[in-house]
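**Student:** Take a look at the following structure, please.
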Amino acid sequence: MPRLPDLDPADLTPEQQQVHDNITNGPRGGVRGPFNALMHHAGVAEHVQAMGINLRFDGVLPGRLRELAILTAARFWTAEYEWSSHAPIAEKEGLSLAVIDAIAENRTPDFPNDDEKTVHAFCRELHGEHHVSDATYDAAVAVLGHEGVVELTVLSGYYTIISMTLNTFQVPSPEGAAKLA
């Protein structure tokens, strides 16, 4: 059961209303998931949602690699809502079901593409070790360039924020959503 109540749109403060409108009128199309919880702090919600829009909708990483990074973070944090939201997006972006299923089962996938292997290794190392080795960093720069590695690092941190929010406030996955193994 969620720890925070959904806010009634009729009772929002002016700051909350502005964030609500920004989210609803933006590419997400509505306030749901972690944003229901974040709306309890309008200033934080506004900055988090704006960063998410940039990373998810305006970033430099190809969608397949972006979604791979998101799934890796969701798996690391066991963030069911995030997993259930992004696994279908990852498949639409071209990530294979075999890769998605392996990550769900907390296994290292047999990647069909070297760029996927590099991104996954970078994200796993960053989450698990809290830093990346020179070899992992150099491999990521060779595939993504410096701008891509900056974005990948920030994307990993952003989805850590999202995952922590979902887990702390016990945001439930949508009915019938795919679950992590």
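The values are calculated or read from the model by the stated rules, or taken from the named source; none is laboratory data. Note that this is a predicted model, so its numbers are computed, not measured. So basically every Cβ, Gly included, is an ideal-geometry build from the backbone, and we count neighbours across all protein chains shown. All accessible areas refer to the heavy atoms of the entire protein, side chains included, with ligands and DNA or RNA removed. Shrake-Rupley method; radii C 1.70, N 1.55, O 1.52, S 1.80 Å.
**Student:** Among the residues of region 78-86, is there at least one that is under 23 Å from residue 33 (Cα atoms), in a helix (DSSP H, G or I) and free of Cβ contacts under 8 Å to residues at least 40 places away in the same chain?
**Tutor:** yes
**Student:** For region 114-137, name all the residues that are surrounded by fewer than 16 Cβ atoms within 10 Å (Cβ to Cβ) and either among the hydroxyl-bearing types (Ser, Thr, Tyr) or not in a helix (DSSP H, G or I) (or both).
**Tutor:** Scanning region 114-137 gives 130, 131, 133.
**Student:** Filter region 47-63 down to residues that are open to solvent by less than 50 Å² (accessible area, probe 1.4 Å) and touching a helix residue (DSSP H, G or I) at 6+ places or on another chain (Cβ under 7 Å), then give me how many there are.
**Tutor:** Number satisfying all stated conditions: 6.
**Student:** Could I ask something else about it? Could you look through region 87-113, keep only residues that are of a type in the set (A, V, I, L, M, F, W, C) and outside any helix (DSSP H, G or I), and pick out the one that is nearest to residue 132 (Cα to Cα)?
**Tutor:** In this case the residue turns out to be 111.
**Student:** Residues 126, 180, 152, 95: which one is at pLDDT below 95 and closer than 14 Å to residue 70 by Cα? Write out each step before concluding.
**Tutor:** Values: 126 fails: at pLDDT below 95; 152 fails: at pLDDT below 95; 95 fails: at pLDDT below 95.
Exactly one residue qualifies, and that residue is 180.
Here is a yes/no grid of residues against (1) without any contact (Cβ under 8 Å) to a residue 40 or more places away in the chain; (2) hydrophobic (A, V, I, L, M, F, W, C):
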{"residue": "114", "(1), (2)": "yes, no"}
{"residue": "148", "(1), (2)": "no, no"}
{"residue": "152", "(1), (2)": "no, yes"}
{"residue": "161", "(1), (2)": "no, yes"}
{"residue": "166", "(1), (2)": "no, yes"}
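**Student:** Assess whether residue 104 counts as being without any contact (Cβ under 8 Å) to a residue 60 or more places away in the chain and either aliphatic (A, V, I, L, M) or in contact with a Cys (Cβ under 8 Å, 6 or more places away or on another chain) (or both). Lay out the reasoning, then the answer.
**Tutor:** On the way: without any contact (Cβ under 8 Å) to a residue 60 or more places away in the chain: no; either aliphatic (A, V, I, L, M) or in contact with a Cys (Cβ under 8 Å, 6 or more places away or on another chain) (or both): yes.
Taking the combined requirement at face value, the residue does not satisfy it.
**Student:** Taking the options 171, 150, name whichever one is closer than 20 Å to residue 56 by Cβ, β-branched (Val, Ile, Thr), exposed (fewer than 15 other Cβ atoms within 10 Å of the Cβ) and within 19 Å of the chain's Cα centre (by Cα).
**Tutor:** Every option except 150 fails the conditions.
**Student:** While we're here: Can you confirm whether region 16-30 contains a residue that is modelled with pLDDT of 95 or more, under 23 Å from residue 175 (Cβ atoms), in contact with a helix residue (DSSP H, G or I) (Cβ under 8 Å, 6 or more places away or on another chain) and assigned to a helix (DSSP H, G or I)?
**Tutor:** Yes, region 16-30 contains a residue that is modelled with pLDDT of 95 or more, under 23 Å from residue 175 (Cβ atoms), in contact with a helix residue (DSSP H, G or I) (Cβ under 8 Å, 6 or more places away or on another chain) and assigned to a helix (DSSP H, G or I).
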